[in-house]
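What follows draws every value from the coordinates through simple rules; no lab data is involved. Note that the coordinates shown come from a computational prediction; the quantities given were computed from them, not determined experimentally. Ideal geometry is used to build each Cβ from the backbone, glycine not excepted, and the neighbour counts take in all protein chains shown.
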Amino acid sequence: GAVVSQHPSRVICKSGTSVKIECRSLDFQATTMFWYRQFPKQSLMLMATSNEGSKATYEQGVEKDKFLINHASLTLSTLTVTSAHPEDSSFYICSVREGTTNYGYTFGSGTRLTVV
Amino acid sequence: RKEVEQDPGPFNVPEGATVAFNCTYSNSASQSFFWYRQDCRKEPKLLMSVYSSGNEDGRFTAQLNRASQYISLLIRDSKLSDSATYLCVVNIIPGAGSYQLTFGKGTKLSVIP
């Protein structure tokens, strides 16, 4: 299956600063990547679908100006949390889907963001 | 109603026990079904896909009942290493042929020596 690398694994930042999270598909050209967020003891919630070469599709309730997604190449998608606040503290995970079938979703190792 | 609902857990079972997890989903148009395993502070990893005919992978058996919109996972002969949170995941098609995974909150399993 695909190998997905996510960086950084953990970050602590001050309120008001921005944080960039990278998701790389190491052995697979991913036209689509998915960004999820998971709060403690909650399910993974899809934030947005990142599309290579075009704008991301955001889920309802997710501010596109706050969570900037860039998918400039087939192997890299980035999520930037702008003007972070403590309530943005969460576990952010990216995912790629191999091919066009329903199967073969691979997740990055996740980024634990703490905003202080 | 939540799209994917699971037993809240936690399940604390002794080694060697058999444990069953249940899951229901609300969207009858759901296409694909999975069980994922998530260890503490880690990413989810696919445990197994779930087919209408039922499928087995070693000690793990998954069942799907489309009419009842119900999915189950049975773990036999539990091992300490089975301790994790088990996520019921459903793949729906929100539109234009795209696919979207919807996750349950997960059921935490602790296997006790």
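Among the residues of segment B:19-47, those identified as surrounded by 12 or more Cβ atoms within 10 Å (Cβ to Cβ) and among the polar types (S, T, N, Q) are B:ASN22, B:THR24, B:SER26, B:ASN27, B:SER30, B:SER32, B:GLN38.
Scanning segment A:60-73 for residues that are closer than 28 Å to B:ASP7 by Cβ and surrounded by 15 or more Cβ atoms within 10 Å (Cβ to Cβ) yields a total of 0.
Of all the residues that make up segment B:27-38, how many are within 11 Å of another protein chain (Cβ to nearest Cβ) and either assigned to a loop (DSSP other than H, G, I, E, B) or aromatic (Phe, Trp, Tyr) (or both)?
Residues meeting the conditions: 5.
Among the residues of segment B:48-69, the ones that are surrounded by 12 or more Cβ atoms within 10 Å (Cβ to Cβ), touching a Leu at 6+ places or on another chain (Cβ under 9 Å) and of a type in the set (Ser, Thr, Tyr) come to 2 in all.
Criterion applied to A:GLN60, A:GLN42 was being within 13 Å of chain B (Cβ to nearest Cβ), out of contact with any Asp or Glu (no Cβ under 7 Å at 6 or more places or on another chain), more than 18 Å from A:SER109 (Cα to Cα) and free of Cβ contacts under 8 Å to residues at least 24 places away in the same chain, and the one residue passing it is A:GLN60. Within segment A:6-37, the set of residues being of a type in the set (S, T, N, Q) and in a loop (DSSP other than H, G, I, E, B) comprises A:SER9, A:SER15, A:THR17, A:SER18, A:GLN29, A:THR31. The residues listed here are A:SER43, A:SER77; of these, the one that is over 24 Å from A:VAL3 (Cβ atoms) and polar (S, T, N, Q) is A:SER43.
Counting just the residues of segment A:24-47 that are within 20 Å of B:THR107 (Cβ to Cβ) and touching a Leu at 6+ places or on another chain (Cβ under 9 Å), which one comes out surrounded by the fewest Cβ atoms within 10 Å (Cβ to Cβ)?
Step one: filter segment A:24-47 for residues within 20 Å of B:THR107 (Cβ to Cβ), giving A:36, A:38-45.
Applying the additional criterion that residues be touching a Leu at 6+ places or on another chain (Cβ under 9 Å) yields A:36, A:38, A:43-44.
Details: A:TYR36: 24, A:GLN38: 21, A:SER43: 19, A:LEU44: 27.
Selected residue: A:SER43.
Of the listed requirements (1) assigned to a strand (DSSP E or B); (2) more than 10 Å from every other protein chain (Cβ to nearest Cβ); (3) without any contact (Cβ under 8 Å) to a residue 40 or more places away in the chain, B:THR24 misses just one: (3).
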